[in-house]
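Working notes, beginning with the structure itself.
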Amino acid sequence: MSPILIVAGKEFTDGLRNRWVFAITIVFAVLALGISYFGSAASGLVGFSSLATLIVSLASLAIFLIPLIALLLAYDCIVGENEQGTLLLLMTYPVTAAELLLGKFIGFASILAVSTVLGFGGSGLVIAMLSDQVSDASLWNAFGFFILSATLLGWVFIALAQLLSVMVSEKSRAAGLALVLWFWFVLIFDMVLLGLLVMESGSGDGEWLSYLLLLNPADIFRIANLASFEAVREYTGLAVIATGPLFNPAVLLGILVAWICLPLGLAITIFQRKSI
């Protein structure tokens, strides 16, 4: 068996043993069902919301949760092994640095993919059985694209976490940088963009600002989901700003894949040159 698959299998088995898969699945399912059912409680209504509201709510939920979970899964994958003294032992086996890092990535990616499919897919199945407001076909189309893009978003942040893990020498520093990364992409980036938009207002059309959204994988995920369906585009106002060819959902998924490959390739390059 390939060393990559052996390492990936070991990481996935550890994820099952540590109940990562079970915990993430339960979190995704409970929160998705809760938001779907109680999302309109502020207006005095409870029950499964419309498809447009459902996609907007789930996209907002995933932006906060999935990057954080992915960073927690992988931030110590190399630096943690180094601190425990097991990295040197691992490198004595017939496995290269690239194979070790790729194997760990596939293992973490499998944990997140299984949890996302079971958690959000299970909640979609429950909604399909209980809701009388959305058709099954529309629901599964929306959920299928949402689950695919959510999985890719998680893989992006796993790759970024692995990059952090090979760049630092202390586990505590990797944890701190992972939190900084989460704050930057989930909270601060949009605030900076909003500030630029305010400064730009009145001095130009500001069209270039919409392309800055592509520098943030969390925004790419959100736009891909919100721009996928006409009803959701109108509901969120994205029909006005996300109009260029780059804002096609399929193109946005390709950009998310590029966001996975770039930090992962950089992490492999740094790890190969690092002295252990």
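The values are calculated or read from the model by the stated rules, or taken from the named source; none is laboratory data. Remember, it's a predicted structure, so these values are computed and weren't measured experimentally. Every residue, glycine among them, receives a Cβ derived from its backbone with ideal geometry; neighbour counts consider all protein chains shown. Each accessible area value is taken on the protein alone, full model and side chains, heavy atoms only, with ligands, DNA and RNA left out. Shrake-Rupley method; radii C 1.70, N 1.55, O 1.52, S 1.80 Å.
Considering region 191-227 alone, what residues qualify as being at pLDDT below 65 and open to solvent by 30 Å² or more (accessible area, probe 1.4 Å)? Steps first, answer last, please.
Keep residues of region 191-227 that are at pLDDT below 65, which gives 202-206.
Matches in region 191-227: Gly202, Ser203, Gly204, Asp205.
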Quiz item: Among (1) over 14 Å from the mean Cα position of the chain (by Cα); (2) small (Gly, Ala, Ser); (3) open to solvent by less than 70 Å² (accessible area, probe 1.4 Å), which single condition is Ala161 missing?
Solution: (1)
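Hey, among the residues in region 1-16 that are open to solvent by 60 Å² or more (accessible area, probe 1.4 Å) and modelled with pLDDT of 80 or more, which one's farthest from Ile55 (Cα to Cα)?
In the first step, residues of region 1-16 are kept if they are open to solvent by 60 Å² or more (accessible area, probe 1.4 Å); the result is 1, 5-6, 10, 13, 16.
Imposing the further condition that a residue be modelled with pLDDT of 80 or more reduces the set to 5-6, 10, 13, 16.
Details: Leu5: 35, Ile6: 37, Lys10: 35, Thr13: 32, Leu16: 29 Å.
Among those residues, the one meeting the criterion is Ile6.
Look through region 235-256, keep the residues that are under 17 Å from Leu212 (Cβ atoms) and open to solvent by 30 Å² or more (accessible area, probe 1.4 Å), and return whichever of them is modelled with the lowest pLDDT. Step through it out loud before you land on a result.
Keep residues of region 235-256 that are under 17 Å from Leu212 (Cβ atoms), which gives 238, 240-247, 251-252, 255-256.
Right, trim to open to solvent by 30 Å² or more (accessible area, probe 1.4 Å) and you get 240-241, 243, 245-246, 251, 255.
On the way: Val240: 55, Ile241: 58, Thr243: 62, Pro245: 67, Leu246: 67, Val251: 87, Ile255: 92.
Ranking the candidates gives Val240 first.
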Practice problem: With the checklist (1) farther than 17 Å from Leu61 by Cβ; (2) crowded, with 18+ Cβ neighbours inside 10 Å in hand, flag the one item Thr116 doesn't pass. | Solution: (1)
Quiz item: Looking only at residues in region 33-52 that are assigned to a helix (DSSP H, G or I) and open to solvent by 30 Å² or more (accessible area, probe 1.4 Å), which one is modelled with the highest pLDDT?
Solution: Leu33
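From the list Trp184, Trp259, pick out the single residue that is modelled with pLDDT of 90 or more and within 22 Å of Val56 (Cα to Cα). Explain how you work it out, then say what you get.
Numbers: Trp259 fails: within 22 Å of Val56 (Cα to Cα).
Exactly one residue qualifies, and that residue is Trp184.
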Quiz item: In region 71-89, what residues are closer than 12 Å to Phe271 by Cβ and either in a helix (DSSP H, G or I) or open to solvent by 40 Å² or more (accessible area, probe 1.4 Å) (or both)?
Solution: Val79, Glu81, Asn82, Leu87
Quiz item: Residue check: is Ser110 surrounded by 16 or more Cβ atoms within 10 Å (Cβ to Cβ), modelled with pLDDT under 90 and not β-branched (Val, Ile, Thr)?
Solution: no
Quiz item: Is at least one residue of region 132-149 at pLDDT 90 or above and either over 22 Å from Arg222 (Cα atoms) or surrounded by 20 or more Cβ atoms within 10 Å (Cβ to Cβ) (or both)?
Solution: yes
Quiz item: Do we have any residue at all in region 92-99 that's hydroxyl-bearing (Ser, Thr, Tyr), without any contact (Cβ under 8 Å) to a residue 12 or more places away in the chain and surrounded by fewer than 16 Cβ atoms within 10 Å (Cβ to Cβ)?
Solution: yes
